[in-house]
């Protein structure tokens, strides 16, 4: 029984730590987005959408935020320059963006033992 109790405590602690890391990331990255000045409002909408779905296409982002395709693409370029997002396909069309830091935090502690 102690094993299961320890496992539950460990899992709960890890979940709280993960949530705290994600909250910190969100706040820090939101401050960085604010530095984009003119497009910061639209970029904030995209940042919020990427917190909901950390791997997403420009089409999904456009549907989610109701921003124009040109605005979404301009913001994605700027967020990529900031290092917040990474385009993962290398293609000109059918691109997919990843919120790398978010995914890194979510994957912490899930590595297989060696």
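The values are calculated or read from the model by the stated rules, or taken from the named source; none is laboratory data. Keep in mind that what you see is a predicted model, and the values were worked out from it rather than measured. Every residue, glycine among them, receives a Cβ derived from its backbone with ideal geometry; neighbour counts consider all protein chains shown.
Within the stretch 3-20, the presence of at least one residue that is part of a helix (DSSP H, G or I) and either in contact (Cβ under 8 Å) with a residue 60 or more places away in the chain or surrounded by 15 or more Cβ atoms within 10 Å (Cβ to Cβ) (or both) is confirmed.
Can you confirm whether residue 32 is more than 12 Å from the chain's Cα centre (by Cα) and at pLDDT 95 or above? Taking the combined requirement at face value, the residue satisfies it.
One residue stands out in the stretch 99-114 among those that are part of a loop (DSSP other than H, G, I, E, B) and at pLDDT below 90: the one that is nearest to the chain's Cα centre (by Cα), namely 108.
If the condition is being assigned to a helix (DSSP H, G or I) and within 12 Å of the chain's Cα centre (by Cα), then the stretch 46-62 contributes 46, 47, 48, 49, 50, 51, 52.
Selection of the stretch 64-78 for residues being touching a residue at least 12 places away in the same chain (Cβ under 8 Å) and in a helix (DSSP H, G or I) yields 64, 65, 71, 72, 73, 74, 75, 76, 78. Each residue in the stretch 36-48 was checked for being in contact (Cβ under 8 Å) with a residue 12 or more places away in the chain and farther than 26 Å from residue 109 by Cβ, and 7 of them qualify. Quick check: is even one residue across the stretch 38-56 surrounded by fewer than 16 Cβ atoms within 10 Å (Cβ to Cβ), out of contact with any helix residue (DSSP H, G or I) (no Cβ under 7 Å at 6 or more places or on another chain) and farther than 30 Å from residue 92 by Cβ? The answer is no, given that none of the residues of the stretch 38-56 is surrounded by fewer than 16 Cβ atoms within 10 Å (Cβ to Cβ), out of contact with any helix residue (DSSP H, G or I) (no Cβ under 7 Å at 6 or more places or on another chain) and farther than 30 Å from residue 92 by Cβ. Say we look at the stretch 79-105 and pick out the residues that are in contact with a helix residue (DSSP H, G or I) (Cβ under 7 Å, 6 or more places away or on another chain) and touching a residue at least 40 places away in the same chain (Cβ under 8 Å); which of these is surrounded by the fewest Cβ atoms within 10 Å (Cβ to Cβ)? Among residues in the stretch 79-105 that are in contact with a helix residue (DSSP H, G or I) (Cβ under 7 Å, 6 or more places away or on another chain) and touching a residue at least 40 places away in the same chain (Cβ under 8 Å), the one surrounded by the fewest Cβ atoms within 10 Å (Cβ to Cβ) is 82.
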